[in-house]
Amino acid sequence: MKSLGYLEIRELFLKHLEEKGHTIIPSSSLVPEDNPSVLFVNAGMFPLIPYLLGEPHPGGVRLANSQRCLRTIDIEEVGDATHCTTFEMLGNWSINDYFKEEALRITLSFFVDKLGFDINKISSSVFKGNEDAPKDTESIEIWKKLFSERGIKAQVGERIRELPKEDNWWEPEGGGPCGPDSETFYEIDGNLVEIGNDVFMQYLKKDNTYSPLGKHNVDFGGGLDRLAMICQEVPSVYETDIYLPILKKVQELSKEHIVRSHRIIVDHIKASAWIIADGVVPGRTQREYILRRLIRRAIRHGRSLGIENLFTRQVAEIVINQFSAVHPLLESNRESILNILEDEEKKFNQTLGNGLKEFEKTFRNIKEFKNENGETFRLYETYGFPLEITLEELTSRGIDYDEELVKKNHEKAYEEHQEKSRTASKGLFKGGMADTSEISTRYHTATHLLLASLYNIVGPHIYQKGSNITTERLRLDFPNDEKLTDKQIEQVEDMVNEQIQKSLPVIFKEMDKEEAMKIVKYAAFEDKYGDIVKVYTIGSPDSPFSQEICGGPHVENTKDLGHFKIVKQENVGAGIKRIKAVLE
Ligand code: SER
């Protein structure tokens, strides 16, 4: 086995795919840009959904990248050897081009020929079939052939396992392009570790039913951190060169040695820095709340480790140094990342004080405690009081409790809460499905008009720092030290509405990124675009009102937008202002 650094592994992957005719595309933001159906991009395929459904991609029909991903579902799992909330997923896609044989050949060749994995330790799994789709016998035959070409006689039931839908079917949360998949495994000390997944997308899941997609796409994904763990022969992802410098810093700051807490801090501060770099600030709802939860969880574990001073800044400095080369947004947002983390840390220290007051109220005059109303969970969820600390406090106050019963009721309250959040996120997805609809398309175009108007009225320092669209409103973050005056707001609204009334055409043209950069005035996040980009022009091409690089979709004429109104302006810290606006 070659000991490869994670940057080398990523490079080898992208080169391997380039050799096989793939265009390397940049990682998208962690915050889904045109699709609010999930809070964060959780798989490499997510930003590519429109193309997997049929829209032509400027990069062609063979694409590959390393996409930063975040899986909120794994937050509670963090602390073991392999789970992380944020990670990079190596991915390659065939958009109605090659299919199973070439896909699996590319995958196996990457692991064996490029990373030097031992073919004897590799095995695979395929879909065994159900009422929606037949058994994937084709992949079984392909695997037999690929193994046999490398001198191995592979048998079904041994090296090739047939597994049910739970294991070998992949679809994005809530539906979309999907199909049976084939996973590749590597054996480490008797355990099989999944190292990659080829999804064969031939179906479309919509309203809980499957229909043929009319295309044969391939979606491969493999976690870079797991590959690094295997290549570097270390027992956990935290000891790979991805995380080691951060882990060492956390260990150095800690008084106690609790492996799980060290890992949680490493993971959560890294995830927080990545999220902030993509334009999110801590808050009370949705992705802002997830960011807050990650930061607070890290701080609580900091306390368990005996870290008394503010520490998130010091850890985040290492995170930024560590990943800036591949995620330049970390470096360009260095100060805001550090300040936002520290502010949140100070606020949370204050909250912990309030939590203690709540604790006093809850347990005053109590002799025996059963946790019948899930009080410990409320202290945890609202005030960030870990159950363990609550139990210690109870003991020190001489309150009787049956630990098992208290824990059971805590668990029950937690599950009720999870059920509520699941229901909430289902609702969110339903809302998101309307996104491809007309209304959010209108908001997309309105955002371009707003940005151009801000640029004209407030000044040339304006660019899009972040944007979010729902079917209810648009939201735009932009750099400006002062809040806009009432007069400026009025001027901006008037300018947008004027363009709407002028019935301006909206057209796009594909061009080289370099050519595009010469035309557009406020291109932010330059590094996220591929080599060929779409430039949307609003107004006459000779003297356009707005020109922006954007993936779309947009309305064809501004007359379809209705009346534009700014409903809110907020300060989101570090010289960034936020505007929310509606179309009436
Ligand atoms: N989308 C699949 C996954 O996340 C393969 O990339 O596993």
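Would you mind calculating the gained length between residue 1 and residue 381 on full extension (0.36 nm times residue separation, minus the Cα-Cα distance), in nm to one decimal?
Numbers: separation 380, 0.36 × 380 = 136.80 nm, distance 4.52 nm.
The residue 1-residue 381 span can extend by a further 132.3 nm.
Which of the trypsin sites (Lys or Arg not before Pro) found in segment 134-168 are loop residues per DSSP with 12 or fewer other Cβ atoms within 10 Å of their Cβ? Present the calculation step by step, with values, prior to reporting the outcome.
On the way: sites: 135, 144, 145, 150, 153, 159, 161, 165; in loops: 135, 150, 153, 159.
Those that pass, being in a loop and sparsely packed, are 153.
Using the Cβ-Cβ distance between residue 131 and residue 309 with R0 set to 60 Å, the FRET efficiency from 1/(1 + (r/R0)^6) comes to roughly 0.55. In this structure, the residue pairs whose Cα-Cα separation is over 29 Å, taken from 248/412; 121/206; 15/121; 2/145, are 248/412; 121/206. When the square roots of the Cα gyration tensor eigenvalues are ordered a ≥ b ≥ c, the ratio a/c for segment 433-575 is under 1.5, which makes its shape rounded.
Each listed q (0.06, 0.12 Å⁻¹) maps to a log10 I(q)/I(0) for the chain from the Debye sum over equal C-alpha point scatterers, namely -0.35, -1.31.
Using 0.36 nm per residue of separation minus the Cα-Cα distance, give me the extension gain between residue 188 and residue 570 in nm, one decimal. Intermediate results must be reported in sequence, preceding the final value.
Details: separation 382, 0.36 × 382 = 137.52 nm, distance 5.14 nm.
Gain in length upon complete extension: 132.4 nm.
Rounded, prolate or oblate, given the Cα gyration tensor of segment 98-249, with a/c below 1.5 counting as rounded? Oblate is the answer for segment 98-249, as a/c is 1.5 or above yet b/c matches or exceeds a/b.
On full extension of the chain, what length is gained from residue 362 through residue 347, given 0.36 nm per residue of separation minus the C-alpha to C-alpha distance?
Working it through step by step, the gained length comes to 3.2 nm.
Within the straight-line cut-off of under 17 Å between alpha carbons, the lysines reachable from residue 487 are 565, 568, 577, 580, sequence neighbours fewer than 8 places apart in one chain being disregarded. Only residues of segment 49-93 count here: report those whose backbone N is under 13 Å from the spot 7 Å along Cα→Cβ of residue 239, or say none. Within reach of a label on residue 239: 81-82.
Whole-Hz Karplus values for segment 288-304 come out as 5, 6, 4, 4, 4, 4, 5, 5, 5, 5, 4, 5, 4, 5, x, 5, 4 Hz, taken residue by residue from phi with 6.51 cos²θ - 1.76 cosθ + 1.60 and θ = phi - 60°; glycine and proline positions read x.
What would the Debye formula give as log10 I(q)/I(0) at q = 0.22 Å⁻¹ for the alpha-carbon point model of segment 1-138, no solvent? Here the Debye-derived log intensity ratios amount to -1.41.
As a rough guide to protection, the peptides 214-221, 407-414, 361-368 ranked by mean Cβ packing within 10 Å, highest first, stand as 214-221, 407-414, 361-368. A P(r) calculated from all alpha carbon pairs of segment 266-320, with 10 Å bins opening at zero, reads 25, 55, 19, 0 percent.
Under the simplified labelling scheme, the residue 19-residue 73 pair shows an inter-label distance of 3.4 nm, with each label point 7 Å from Cα along Cα→Cβ. Applying the criteria of a DSSP loop state and at most 16 other Cβ atoms within 10 Å to the GluC sites (Glu not before Pro) of segment 150-259 yields 158, 173, 233, 256. If amide H atoms are built 1.01 Å from N in the plane of the peptide, which residues on other chains or at least 5 residues away come under 5 Å of the amide H of residue 169? It is 181, by chain and number.
Rounded to whole numbers, the Karplus 3J(HN,Hα) couplings from phi for segment 391-404 are 4, 4, 4, 4, 4, 5, 8, x, 8, 6, 7, 9, 4, 5 Hz, using 6.51 cos²θ - 1.76 cosθ + 1.60 with θ = phi - 60°, and x at Gly and Pro.
Values in this text are rule-based calculations from the coordinates and carry no lab data. Treat the numbers as computed from the prediction; the structure is a model and nothing was measured. No Cβ is skipped: glycine too gets one built from the backbone with ideal geometry, and neighbour counts run over all protein chains shown.
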